[in-house]
Each structure stands twice: as structure tokens, then as C-alpha cells.
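In what follows, a single structure is set out as C-alpha cells and then discussed.
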Amino acid sequence: MQNTAPAPEATVTQTRTQTRIQQHRRYLMCRPEHFTVSYTINPWMEPANPTDTALAVRQWQSLYDTYLALGHEVELIDPIEGLPDMVYTANGGFVIGGTAYGAKFRFQERVPEGPAFMDWFRDNGFDVAEPVEVNEGEGDFLLVGDAILAGMGFRSTGDSHGELARVFGKDVVSLTLVDPRFYHLDTAIAVLDPVEGPGGVERANIAYLEHAFDERSQAILAERYPDAIRVSDADGSVFGLNSASDGLNVIISPRAKGFEAQLRERGYNPVLVDLSELLLGGGGIKCCTLELRS
Ligand code: ARG
């Protein structure tokens, strides 16, 4: 019999091929029937560039079909004419345990979306916590394990982080975004596995773009997630991090080549979906996806 203690080399290999566990997801999406870029509220939006609404709908449909093919549930909210950004449902609220904390948008152009999403939540059996503070929902709030990472700097305010903590009774970790291209937290952090399983916090893991954050926030992330994937600027700039994970499958942009390789190396299954048309509005896969946690 050989000595059973694994060689250091073997330990590394084991980490790399770690078994990933797919969790069921329920999402809220909005077909981009009225999608266009008619105003500028982030550096990606250029109203002079033409948009192709039919193409946006086809690309969106491929994301919708992908979720269903993976066994997830997708609910739909009716698109409203004159609200072209409604396709980015991640901004519509933040939902845990059947309670939806409503959104209160920073810019006038999107303000009417807040009540529209709250109506949908009420009509679909969620308790709604109406927001007093400006916040853009899951665009800036990410549940990782038992903590909520919360972004500020461009959209959601620091005061909304306090409100969020009161609504859900959870630890809220404030992070400051500093690069205008990455104006929502979900453009700079991807939650790969939010579950604190038998392996403890080890399984709750993220990927992020370091320089999208100020120094204080970088230090917090490095301390909390020593095993996080750090992505390149090239992958961040194609919204590679704006992705949705079910713990095993990670839906990402086909342009994020380096991130795709990093995910494979960690035992995740990257699934490529191209939302190039929706990137003209400054949004990607995660932006078009709001998780409904019952
Ligand atoms: N045009 C939208 C805005 O600027 C894009 C929102 C993207 N959503 C997101 N969760 N990052 O508000």
C-alpha cells in the first residue's frame, strides 16, 4: 500500500477539478420589444449609433432559451413603451426569501420602472419593501453566502446600503466603484457560487475586476475572497463579469476568452451567449436577469 497522503501537486489538481453543484434558479426577464438607445446615462450609450430592436429581441431570446434548457424557471414582466432600459431587469429590485426591496432609480429616464417592477412583485406574491433611498436593485446588490455585497459610487447610494441591511437583516458590505464604465456592481463582480455549503464559505466564490474598485474595497475583496478569480481588463471591458451562474453553468459573453478559460480551470461550465446589441445600452447577461429567491 502506498502512503495515502496526497502530494501537494494532487491537491492542486483536486481544487481545479472541484465538483460544482448546479442549483435551481428562478429569474425575472423582460423582452426588449421597445429597446433602443435614446438617452445617455452611462458611457456605453450613444444615441447617435443605430440600434436593431429585432436583433436585440433575438439575442435576448437565446438567453431566455438557454435558461430554460438548463432547467431554470423564467418569469416575464411586460415591457412598457417609452422605457427602453426595462430589459435590464436586474435593476428592478432585490429579492430574498419572498421579499422584494424595490428600486428607486438615479436617473429620471428610468424612475417609472421602479413602481412597474413593484407592481409585478405584488401581483406575483412577493412582499414589497418600498425604498426611500436611491438604489438600482440587483445591479448593485449581490448575495454571496450570507452577506450582501453592495455597490456605490455611480448609482445606488451609501444610504441605500443601510436600508438594505434593515430590510433583510443581513450583513451588507459596501464597495465603492471608481471606473465609470463599470457603474453597476454586477459589471465588476460575478457571483459564481453563492452557497455556503458543507465546505463552508469556501464554496461561496466570486470573480471580479480589481481596478473597478477603490483601494479600500480592493482590500476588502482580497481579504474576504482569497480564491476569487481576478479577470483581465480585456474580459471586464466586454462585460465578461456581467454573467449568471447556477453554481455549475456560467452564462458569459463569447468575447470574454480569458475568463472562459479561468472558469473551465475551476471546474465551471461556461455557456456562451452573445448580447452585443444590448451592450449598446450598457448592459449584458446579468443586467437582463433578476433572481427571484423564494
Ligand atoms: N442603460 C441601463 C442603465 O444605464 C443599463 C443598465 C445595466 N444594468 C445592470 N444591471 N448593470 O441604467
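No value in this document is a laboratory result; all are computed from the given coordinates. Just so it is clear, the structure is predicted and the values come from calculations on it, not from any experiment. Glycine also receives a Cβ, built like all others from the backbone with ideal geometry; neighbour counts cover every protein chain displayed.
How would you order 85-94, 136-145, 178-187 from highest to lowest mean count of nearby Cβ atoms within 10 Å? Don't jump to the answer; show the numbers that get you there.
Numbers: 85-94: 28.5, 136-145: 26.1, 178-187: 23.1.
The most tightly packed comes first, giving 85-94, 136-145, 178-187.
Relative to the first principal axis of the alpha-carbon coordinates of the chain, what is the inclination of helix 53-69, with its axis defined by its Cα atoms, in degrees from 0 to 90 and to the nearest 10?
Between the helix axis and the principal axis of the chain, the angle is about 40 degrees.
Using only Cα atoms, tell me the angle between helix 158-168 and the longest principal axis of the chain; keep it within 0 to 90° and round to the nearest 10.
With both axes taken from Cα atoms, the answer is about 70 degrees.
Can you list residues from other chains, or at least 5 along the same chain, whose modelled amide H is less than 5 Å from the amide H of Met29?
Glu75, Leu76, Ile77
Output wanted: per-residue J couplings in Hz (rounded whole) for region 180-193, from phi through Karplus 6.51 cos²θ - 1.76 cosθ + 1.60, θ = phi - 60°, x for Gly and Pro.
x, 5, 10, 8, 10, 4, 6, 9, 10, 9, 10, 8, 8, 8
Sequence-distant or interchain residues sharing an amide H contact under 5 Å with Phe213, placed H: which?
Val178
Along each principal axis of its Cα atoms, how long is region 210-268 end to end? Whole angstroms, biggest number first, please.
Largest to smallest, the principal-axis extents are 31, 22, 17 Å.
For Glu109 and Ile21, what is the calculated FRET efficiency with R₀ set at 51 Å and r taken between the beta-carbons, to the nearest 0.05?
Details: r = 40 Å, r/R0 = 0.79.
It comes to 0.80.
Where a Cα-Cα gap under 18 Å defines reach, which lysines qualify for Lys286, not counting those fewer than 8 residues away within the same chain?
Lys257
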